[in-house]
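Below is one structure; the comments refer to it alone.
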Amino acid sequence: AKAKGRGTACLFEPAMDETAEIRRAIERDLADALRQGLFEVHYQPLVNLGSNRITGVEALVRWRHPERGLISPATFIPVAEETGLIVALGEWVLNQACRDAVAWPEGISVAVNVSAVQLRNRTFAQTVLLALAASGLRADRLELEITESVLLDETEANLETLHLLRRTGIRISMDDFGTGYSSLTYLRRFPFDKMKIDRSFVQDAGKATEAGAIIRALVALGGSLGITTLVEGVETEEQLAAVRAEGCQEMQGFLFSRPRPAGEITAMLAAAREE
Ligand code: C2E
Ligand code: CA
Ligand code: CA
Ligand code: CA
């Protein structure tokens, strides 16, 4: 703004300062919350559509704010990514998820979201392997969920890190599949284990629209590449029936269960085991 002359600078600088200040305040709040242990990891089941059984859970972070209650990650993850705090927060989530998952039955895996900022960090692979070692969780019970944005920058270095982690037995899922521009390109460049079809496709799936045809095509594509397909955001029986009809292997959504605290998930998994 400075280069644009005095008039412009006068108009815009106060607003920019204000934004920077608000950002600093949120950043400080987030850092404090992390130190004070105010973050919680909730877990949402991933269900196999053939057996109707839970195959794993996705770790989803929440901020238990003393005044504002439970805050959604959609509001603070972008800020944490901008400020870099996502590296520390992500490491905490990863360790918590691994510690929780060791207590669950052997067949249950845990999926952890990884942001581009984390993966770009040179110590990321080491962080993941340390979390496994510290918790005693087997590598093949951990899944890392990445979005396309993760691969957009510094692609070679990021791909190398993912290859390294995958060789240890960790599985890699492509999250929000179909929402970006180059999903198909990345399928060719990296051997993903799972494709999580974005929930925007499921919303109209029961209504004989293009969405159903796209899911069907993605399931066929996944099948021929040996990639598991999961549909996100299944909320109704009608959507479930449509997803089933398209041959999708796994589902996740409020219809089966909302994300829940670790204790409730532990009880749910124990009950499912006795069925
Ligand atoms: P995501 O990775 O796509 O996670 C799935 C989101 O969809 C979750 O929102 C989940 O609660 C929601 N969801 C699941 N089933 C349904 C459904 O049937 N209907 C609807 N409407 N929504 C459903 P949540 O927990 O609010 O998380 C939002 C996003 O925040 C996540 O989207 C992910 O991008 C990010 N996030 C959450 N936890 C972490 C984390 O630990 N690290 C990073 N980097 N990002 C995270
Ligand atoms: Ca995810
Ligand atoms: Ca998703
Ligand atoms: Ca998302």
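The set of residues in the stretch 217-239 being outside any helix (DSSP H, G or I) and within 16 Å of ligand 1 (Cβ to nearest atom) consists of Thr229, Leu230, Val231, Glu232, Gly233, Val234, Glu235, Thr236. Each residue in the stretch 159-175 was checked for being without any contact (Cβ under 8 Å) to a residue 40 or more places away in the chain and either under 18 Å from the mean Cα position of the chain (by Cα) or part of a helix (DSSP H, G or I) (or both), and 8 pass. Please tell me if Asp176 is at positive phi and within 14 Å of ligand 3 (Cβ to nearest atom). So Asp176 fits the description; yes. Of all residues assigned to the stretch 127-143, at least one qualifies as being part of a strand (DSSP E or B), within 16 Å of ligand 3 (Cβ to nearest atom) and surrounded by 15 or more Cβ atoms within 10 Å (Cβ to Cβ). Of the residues making up the stretch 160-179, one or more are surrounded by fewer than 19 Cβ atoms within 10 Å (Cβ to Cβ), away from ligand 2 (no atom under 16 Å from the Cβ) and more than 24 Å from Gly56 (Cα to Cα).
A quick yes/no check of all residues on (1) within 16 Å of ligand 4 (Cβ to nearest atom); (2) more than 22 Å from Phe254 (Cα to Cα):
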residue	(1), (2)
Thr161	no, yes
Thr168	no, yes
Gly180	yes, yes
Asp193	no, yes
Val219	no, no
Ala241	no, no
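State all residues of the stretch 240-255 that are surrounded by 14 or more Cβ atoms within 10 Å (Cβ to Cβ), in a loop (DSSP other than H, G, I, E, B) and either within 16 Å of ligand 2 (Cβ to nearest atom) or hydroxyl-bearing (Ser, Thr, Tyr) (or both); if no residue qualifies, say none.
If the condition is that a residue be surrounded by 14 or more Cβ atoms within 10 Å (Cβ to Cβ), in a loop (DSSP other than H, G, I, E, B) and either within 16 Å of ligand 2 (Cβ to nearest atom) or hydroxyl-bearing (Ser, Thr, Tyr) (or both), then Gly253 is the only one that fits.
Can you name the residue in the stretch 88-110 that is assigned to a helix (DSSP H, G or I) and of a type in the set (Asp, Glu) and, of all such residues, is farthest from Asn121 (Cα to Cα)? Full working, then the answer.
Filtering the stretch 88-110 for residues assigned to a helix (DSSP H, G or I) gives 88-102.
Checking which are of a type in the set (Asp, Glu) leaves us with 91, 100.
Values: Glu91: 12, Asp100: 25 Å.
If we take residues in the stretch 88-110 being assigned to a helix (DSSP H, G or I) and of a type in the set (Asp, Glu), then Asp100 is farthest from Asn121 (Cα to Cα).
Looking only at the stretch 119-134, filter to residues that are within 16 Å of ligand 1 (Cβ to nearest atom) and modelled with pLDDT of 95 or more; which one of those is farthest from Tyr181 (Cα to Cα)? Only one residue tops the list, namely Ala131. On the given criteria, is Ala103 among the small types (Gly, Ala, Ser), touching a residue at least 60 places away in the same chain (Cβ under 8 Å) and closer than 26 Å to Pro261 by Cα? So Ala103 fits the description; yes.
The values are calculated or read from the model by the stated rules, or taken from the named source; none is laboratory data. It should be emphasised that the depicted structure is a prediction, and the values quoted were computed from it without experimental measurement. Note that we place each Cβ from the backbone using ideal geometry, even for glycine, and neighbour counts take in every protein chain shown.
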